[in-house]
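Reviewing the structure listed below.
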Amino acid sequence: MRVVAGTFGGRPLKTLDGKTTRPTTDKVKGAIFNMIGPFFDGGRVLDLFSGSGSLAIEAISRGMDEAVLVEKDRRAQAIIQENIKMTKSDKQFKLLKMEANRALEQVTGTFDLVLLDPPYAKEEIVKQIEVMDEKQLLSEDVMIVCETDKAVVLPEEVASFGIWKQKVYGISKVTVYVR
């Protein structure tokens, strides 16, 4: 696995062995960013189920200013820290070592890009978008990118958001919500 494009493009990323995380393949990651970007002019990204940190690092590589990564698995946290170190831009990243719903109680400010790839997709995604909307954590122009198994059917609308784009890549489905 590697960073696909931008400042850190081509640099290798470490991933966690085993079944605790499902790393987004380079192909799907490239497709996601081509769908929503592909490049950004600043902004903040929230990666709520970070795994290896690959998606948040890709967002920073492509022009986001700051990333908040949330991960509860200790082994995954160590991988994220190694991947952040590889960027040599530590100050652009903040790792919250906790469960996603707890992190949503603590984060402040607004986010321009939210990345959701939870282990139990549909229930978590809907609830978390509603919580972020209620807490006013989402900028006016936010894009919420949800990566799920292709069999998961997300609602057309959640809170004040509707599906903007949706594509299937192999076994993964990417759904993007906007206001």
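Values computed for the structure shown
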| item | result |
| --- | --- |
| The chain - mean residue ellipticity at 222 nm from DSSP helices (-39,500 (n - 2.57) per run, n ≥ 4, rounded to 500) | -9000 deg cm²/dmol |
| Added length on full extension, which subtracts the Cα-Cα distance from 0.36 nm per residue, MET98 to SER139 | 12.4 nm |
| Cβ-derived FRET efficiency at R0 35 Å, VAL178 paired with ARG75, nearest 0.05 | 0.55 |
| Computed magnitude of the charge dipole of segment 140-179 (debye, nearest 20; Cβ of K, R +1, Cβ of D, E -1) | 200 debye |
| Accessible-area composition of segment 1-94, carbon plus sulfur, in percent [1.4 Å probe] | 49 percent |
| Fully extended contour minus Cα-Cα distance, from ASP26 to VAL168, at 0.36 nm per residue | 49.7 nm |
| Size of electric dipole in segment 82-179: Cβ of Lys, Arg +1 and of Asp, Glu -1, about Cα centre, debye, nearest 20 | 400 debye |
| Share, in percent, of DSSP beta bridges within segment 49-179 that are antiparallel, nearest 5 | 60 percent |
| P(r) tail fraction, segment 1-105 - alpha-carbon pairs more than 22 Å apart, % | 22 percent |
| Listed residue (PRO155, MET64, VAL28) projecting farthest to the positive dipole end of the chain, Cβ model | VAL28 |
| Overall form of segment 13-75 per C-alpha gyration tensor (a/c, 1.5; a/b vs b/c) | oblate |
| Cα convex hull of segment 113-179, projected area averaged across orientations, nm² | 4.0 nm² |
| Structure-derived P(r) over Cα pairs in 10 Å bins from 0, in percent - corresponding label in [x] 9, 32, 30, 16, 11, 3, 0; [y] 10, 38, 34, 16, 2; [z] 10, 43, 39, 8 | [z] |
| Percent carbon-and-sulfur accessible area, segment 104-179, ignoring ligands, DNA and RNA, probe 1.4 Å | 50 percent |
| Relative contact order %, the chain, counting alpha carbon pairs below 8 Å whose residues are six or more apart | 17 percent |
| Cα-based reach from LYS150 at 17 Å (exclusive), listing aspartates and glutamates while leaving out same-chain residues under 8 positions away | ASP117, GLU123, GLU124 |
| Fully extended contour minus Cα-Cα distance, from LYS127 to THR108, at 0.36 nm per residue | 5.0 nm |
| Relative contact order %, segment 36-100, counting alpha carbon pairs below 8 Å whose residues are six or more apart | 35 percent |
| Segment 1-110, accessible area per residue, ligands and nucleic acids excluded (1.4 Å, Å²) | 48 Å² |
| Dipole magnitude of segment 1-141 about its Cα centre (Cβ charges: Lys, Arg +1; Asp, Glu -1), debye to nearest 20 | 760 debye |
| Eligible lysines near LYS91 by straight Cα distance, threshold 26 Å, same-chain separation 8 or greater | LYS14, LYS29, LYS72, LYS135 |
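The values are calculated or read from the model by the stated rules, or taken from the named source; none is laboratory data. Everything numeric in this text was worked out from a predicted model, so none of it was measured. Glycine gets a Cβ as well: all are built from the backbone with ideal geometry, and neighbour counts include every protein chain shown. All accessible areas refer to the heavy atoms of the entire protein, side chains included, with ligands and DNA or RNA removed. Shrake-Rupley method; radii C 1.70, N 1.55, O 1.52, S 1.80 Å.
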